[in-house]
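The values are calculated or read from the model by the stated rules, or taken from the named source; none is laboratory data. Computed from a prediction, not measured in an experiment: that's the story for all the values here. Cβ placement follows ideal geometry from the backbone for every residue including glycine, while neighbour counts extend to all protein chains displayed.
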Amino acid sequence: MHDSPQITPRIMVTTDFSIESERAFYHALAFAVRHQARLTLLHTGSESRDAVPWELFPGVRDTLARWGLLEADAPRSAVAEQLRLGVAKMAMRDDDPRQGITDYLRKHPTDLLVMATEGRTGLARLFNSSVADTVSYTTKSHTLMLPKHAPGFIDPKTGRSSLQRVLCALDAETDPRPALSYLGEWLDILSGDNTVEVLVLHTGEPDRGPELLLPQHPNQVWREETAAGEPLAAICAAARALNAGLVAVSARSPLRLIARMRGSLSDKIMRELGLPLLSIPPF
């Protein structure tokens, strides 16, 4: 994907100008820089375009200068000319951020969506489901979700990744090959010189058929395990034992509305572990 000059990866991060969405911005920018991608910052709100506080959008050039990637007084053109990074800041008027973000993604699909999420519980979850989880499910987008109190794995001061261990959870009903390929490619650039350990955890029926051909990338060490029993408990136990910094999940989400309101597997994992989660839609 990143080796072809004909294909520019597209990354989108949503912002409501909060501290949590700023943290999501750092992750999206770090991915975009490493992938020489097209980065879109999207704000959805009830205000008109003229009333959007554009000055509150995260500063791309200021951040890149702090990371040592641009000179402090670099012109706007340097972002594209020196780093081959495209940046767009967009605003959509919609009282419901779920609908606004979904409408935008239907017209402008992305290779990676990055969103902060509150991880609501109880009645708050039942009557006002997670924006990130809902958008990811509705648009079938590869989505990096950052729980409200999770520090993440990108250092805001340097842009460097501290990610060392990843749990990739697969269920028995999903073809695992697209998820493994996607995760391997994106970790290949994100990890840099760091060695990343990836544990592929199969949940559901223990008999999963022929052995998988795991991705082969420099600075990545892959292995497999199988866990019987209830998937949520198995995934959380494995993530804690691994001391994972990221959980990647490729699993079918519930179709019935009441089940969606109670939370998908991804949403439950984030509430239980408080870790960043990469949702990879089943092929």
Can you tell me which residue within the range 182-198, out of those that are in contact with a strand residue (DSSP E or B) (Cβ under 6 Å, 6 or more places away or on another chain) and crowded, with 18+ Cβ neighbours inside 10 Å, is farthest from SER279 (Cα to Cα)?
VAL196
Taking the criterion of being touching a helix residue (DSSP H, G or I) at 6+ places or on another chain (Cβ under 6 Å), basic (Lys, Arg) and under 21 Å from GLY68 (Cβ atoms), would at least one residue in the range 12-29 satisfy it?
no
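Let's see how each residue does on (1) at pLDDT 90 or above; (2) within 22 Å of LEU167 (Cα to Cα); (3) in the same structural domain as HIS43 (by TED's automatic domain parsing):
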site	(1), (2), (3)
PRO109	yes, no, yes
VAL114	yes, yes, yes
GLY119	no, yes, yes
ARG125	no, no, yes
SER129	no, no, yes
ASP133	no, yes, yes
SER136	no, yes, yes
SER141	yes, yes, yes
So GLY86, is it more than 26 Å from GLY184 (Cα to Cα) and small (Gly, Ala, Ser):
no
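Tally time: how many residues in the range 1-27 are of a type in the set (Ser, Thr, Tyr), modelled with pLDDT under 95 and under 17 Å from the mean Cα position of the chain (by Cα)?
Result for the range 1-27: 3.
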